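A.B. asks: Let me begin by handing over the structure; questions about it come next.
The values are calculated or read from the model by the stated rules, or taken from the named source; none is laboratory data. Here the structure is a predicted model, which is why all the values come from computation and not from measurement. Neighbour counts run over all protein chains shown; Cβ positions are idealised from the backbone, glycine included.
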Amino acid sequence: MLRYLDKSKGYLFSTHDLGTVIQNQIAAMQKEVESLDPNRLLNTAPADLAEYLGQKYCLEPVSLLRDQCYATEQEAQVDVRYDPRRWVDDKSRPVLMPGQRIEIAVPFEGESELFYCRSNQFSMNPPRAVVRGQELVLAFEFANDSAPDIRSDIDRQLNDIEEHLKWGRGQVNDFNASLRQRAEQAIENRRGRLLANQNRMASLGIPVKVRANAPKTYAVPEVRRKAQPTLPPATSTPFEPEPTWAMEHYEYALTVMQNMAALMERSPSAFAKQNEEHLRDQFLFQLNGQFEGRATGETFNLNGKTDILLRENGRNVFIAECKFWKGPKKFGETIDQLLGYTAWRDTKTAILVFNRGTDTTTVLSGIKEIAEKHPNYKRTLPWKHESGYRYVFHHSGDSNREFILTVLVFHVPD
C-alpha cells in the first residue's frame, strides 16, 4: 500500500492524493449549488453563476518565481554526526559544531497546498522543503570548517521540485478545463428539479403559503481564494417561469432569413432599389410562410415599434430590427433601439444589417467593436457564421434577464 508522508517532516508531494483533492473540489462546488436558496438560483443567470463557481473552485497551478529568489544566513550550532565527511563513533547523541544556516526563499504563484499533493506520476524519493506563505524555503546547514559549494545543490533541488510540479499540472489543468461544464450541469440539474416542483405546485390550483423565514436578501459566501470572485447579483423576489421559444425554432427563423441572401444573389436587379421597409417586407413574407402568419412588421412593443415580431400564444418570442449599414455609431443606436422595446420576456432577437457598397470586413469589424463595448453586453457565444455574430445581452436594469442577439449582415446589390 502506498504510504503518504507527513508534511511537517518537510516532505513535498507526499501528503495528499491530487485526484482526491480534485474530487473534493467537485463535491464542494456541487454542494454549493444544492445549498443555494431556490429563488437565488432561479433568478441568477446560469452562465454567470457557472462562471463564478468556475473561478471559485478552480485550482491555480504553482509556478516558481526563481528569478525573485533571495538568501538569508545566520550562525548556528550544526549537528555533524551524519556528515559523511566525518567519522563519528557514537551517533546516538548530537555532535554540535559552530556553523552556518543558509535559507533560500523562492516566491511562487498558485495554490500552496499543491506542494503537498501527489499526482499520478511521482517519485519514491520526494524533495524536501518548507512552504511559508507564498514562498518555498530550502535550508542548508554545515560546519564552518567544511564550507561546501551549495549552488549546485540549490539548482538540483529546485529542478526536482519543478519536475514534480509539472507532473501535477496536467491533472490540474484538465480539472480546471472541465469545471465550468460541471458547474453548468449541476446548475441545470437543480434548476430542472426546482422548475418541476413549481409546476407541480401550480397544477394543484391551491394558493401556496410563503415561508415566514424565506430569505429576502442573500449573503455572498466565504471564498478561500485571495482574489475572490463575487456571487452574481440576483433579485430576491419569487421566481416566475418565463415563456421561451425553443432554440431550434429560433435557428430555423434565422435560416429562413439567411436564405434571402441566396435569393438576392440570384436576382440582384430585383433588390437593387429597395429600401429598408421593402426589404423588411420580403423577410416578413418568408417568415409568415413558415410560421403560419404569426410574423408582423412595424409592431408596437414596449417603448417603440419593432421591424419584425413573431408571437406564439400571445407572447413575443422573436424580435428583429432591419437597418442599412451607416457606420458603427448608427449600429450602436440600433442596439439601444432594440433594448428600448424588448421586454424582459423576450429572449430571442436579431439585427439584420443590409450592406450596400461597404467592404464586408469593415462592417463586421465595426459590429464587433460596438457590440462588445455596449454596457448591456455580457458575452460572445460560439457561432460559426462567416457574416454574423451571436451575443448575450442583458435587459436594462436587470443583469440576470438575458436575451440572445444574433447579428446578420446581408449584401444588398447596388
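A.B. asks: Across the stretch 1-40, which residue is modelled with the highest pLDDT among those that are of a type in the set (D, E) and loosely packed, with under 13 Cβ neighbours inside 10 Å?
C.D. replies: E34
A.B. asks: Going by the structure shown, is G54 in contact (Cβ under 8 Å) with a residue 40 or more places away in the chain and buried (at least 18 other Cβ atoms within 10 Å of the Cβ)?
C.D. replies: Working: in contact (Cβ under 8 Å) with a residue 40 or more places away in the chain: yes; buried (at least 18 other Cβ atoms within 10 Å of the Cβ): yes.
Criteria met by G54.
A.B. asks: Let me ask something additional. Would you confirm, using the coordinates I've provided, whether Q121 is in the same structural domain as L165 (by TED's automatic domain parsing), within 30 Å of the chain's Cα centre (by Cα) and within 27 Å of A76 (Cβ to Cβ)? Explain how you work it out, then say what you get.
C.D. replies: Numbers: in the same structural domain as L165 (by TED's automatic domain parsing): yes; within 30 Å of the chain's Cα centre (by Cα): yes; within 27 Å of A76 (Cβ to Cβ): no.
So Q121 fails the test.
A.B. asks: For Y82, indicate whether it is surrounded by fewer than 15 Cβ atoms within 10 Å (Cβ to Cβ) and assigned by TED's automatic domain parsing to the domain that holds R132.
C.D. replies: Here the answer is yes, as Y82 does meet what is asked.
A.B. asks: For A76, state whether it is touching a helix residue (DSSP H, G or I) at 6+ places or on another chain (Cβ under 8 Å) and hydrophobic (A, V, I, L, M, F, W, C).
C.D. replies: No; evaluated as a whole, the condition is false for this residue.
A.B. asks: Identify, please: which residue in the stretch 146-161 is farther than 18 Å from D67 by Cα and surrounded by 11 or more Cβ atoms within 10 Å (Cβ to Cβ) and is, among those, farthest from the chain's Cα centre (by Cα)?
C.D. replies: Filtering the stretch 146-161 for residues that are farther than 18 Å from D67 by Cα and surrounded by 11 or more Cβ atoms within 10 Å (Cβ to Cβ), the one farthest from the chain's Cα centre (by Cα) comes out as S146.
A.B. asks: Would you point out the residue of the stretch 368-401, among those that are at pLDDT 90 or above and charged (D, E, K, R), that is surrounded by the fewest Cβ atoms within 10 Å (Cβ to Cβ)?
C.D. replies: K373
A.B. asks: Quick one: is C58 within 18 Å of the chain's Cα centre (by Cα), more than 23 Å from F403 (Cβ to Cβ) and among the hydrophobic types (A, V, I, L, M, F, W, C)?
C.D. replies: Criteria met by C58.
A.B. asks: Of the residues that make up the stretch 58-70, is at least one closer than 27 Å to R190 by Cα and buried (at least 17 other Cβ atoms within 10 Å of the Cβ)? Steps first, answer last, please.
C.D. replies: To start, the set of residues in the stretch 58-70 that are closer than 27 Å to R190 by Cα comprises 58-59.
If we keep only those that are buried (at least 17 other Cβ atoms within 10 Å of the Cβ) too, we end up with 58-59.
Among the residues of the stretch 58-70, at least one is closer than 27 Å to R190 by Cα and buried (at least 17 other Cβ atoms within 10 Å of the Cβ), which makes the answer yes.
A.B. asks: Look at the stretch 319-351 and say how many of its residues are closer than 25 Å to Q282 by Cβ, modelled with pLDDT under 80 and charged (D, E, K, R).
C.D. replies: Residues in the stretch 319-351 being closer than 25 Å to Q282 by Cβ, modelled with pLDDT under 80 and charged (D, E, K, R): 1 in total.
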